[in-house]
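Peer 1: Please read through the structure below; I'll follow up with questions.
The values are calculated or read from the model by the stated rules, or taken from the named source; none is laboratory data. All values derive from a computational prediction rather than experimental measurement. Every residue, glycine among them, receives a Cβ derived from its backbone with ideal geometry; neighbour counts consider all protein chains shown.
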Amino acid sequence: MNRLKQIRQNKTKTVFIVTGFVIFVLLVGAAITYFTTGEIFTGIIIAIVLGGGYTLMMIMSSTNVVMRMNHAHEVKDRSENIPCGKRLTTWRWLLGFRGHGYSL
């Protein structure tokens, strides 16, 4: 599978997941207000505001969340890149090993 196809599939899956989450939040908000007040529109409006805000906040901070979950930090110098708890030796750099900007 080529990269562009995989990126397209990931974006499609993300749209489905976010849409499903928003629908779920809308249904929960509507159900809560229906059982407490007998009408659903107030719950839907509150759910749109809270669910939409939460979704936007999570989409904007998703990269940082994943990096923190994996205890990653930004690599500013080659000597900071420590895979598996060991410093890279010079011969690895001579053979062409390159980091990707983050180190675990």
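This table checks each residue for (1) assigned by TED's automatic domain parsing to the domain that holds THR14; (2) out of contact with any Phe, Trp or Tyr (no Cβ under 7 Å at 6 or more places or on another chain); (3) in a helix (DSSP H, G or I); (4) modelled with pLDDT of 85 or more.
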residue	(1), (2), (3), (4)
LEU27	yes, yes, yes, yes
ALA31	yes, yes, yes, yes
THR36	yes, yes, yes, yes
ILE44	yes, yes, yes, yes
VAL49	yes, yes, yes, yes
GLY53	yes, yes, yes, yes
ILE59	yes, yes, yes, no
THR63	yes, yes, yes, no
CYS84	no, yes, yes, no
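Peer 1: Every residue in region 16-39 that is over 23 Å from MET58 (Cα atoms) and either β-branched (Val, Ile, Thr) or in contact with a strand residue (DSSP E or B) (Cβ under 9 Å, 6 or more places away or on another chain) (or both), please.
Peer 2: ILE32, THR33, THR36, THR37 - these are the residues of region 16-39 that are over 23 Å from MET58 (Cα atoms) and either β-branched (Val, Ile, Thr) or in contact with a strand residue (DSSP E or B) (Cβ under 9 Å, 6 or more places away or on another chain) (or both).
Peer 1: Pairs only if they're at least six apart or on different chains, beta carbon under 9 angstrom, first in region 1-28 and surrounded by 10 or more Cβ atoms within 10 Å (Cβ to Cβ), second part of a loop (DSSP other than H, G, I, E, B) and among the aliphatic types (A, V, I, L, M); list them, first residue then second.
Peer 2: GLN9/MET1
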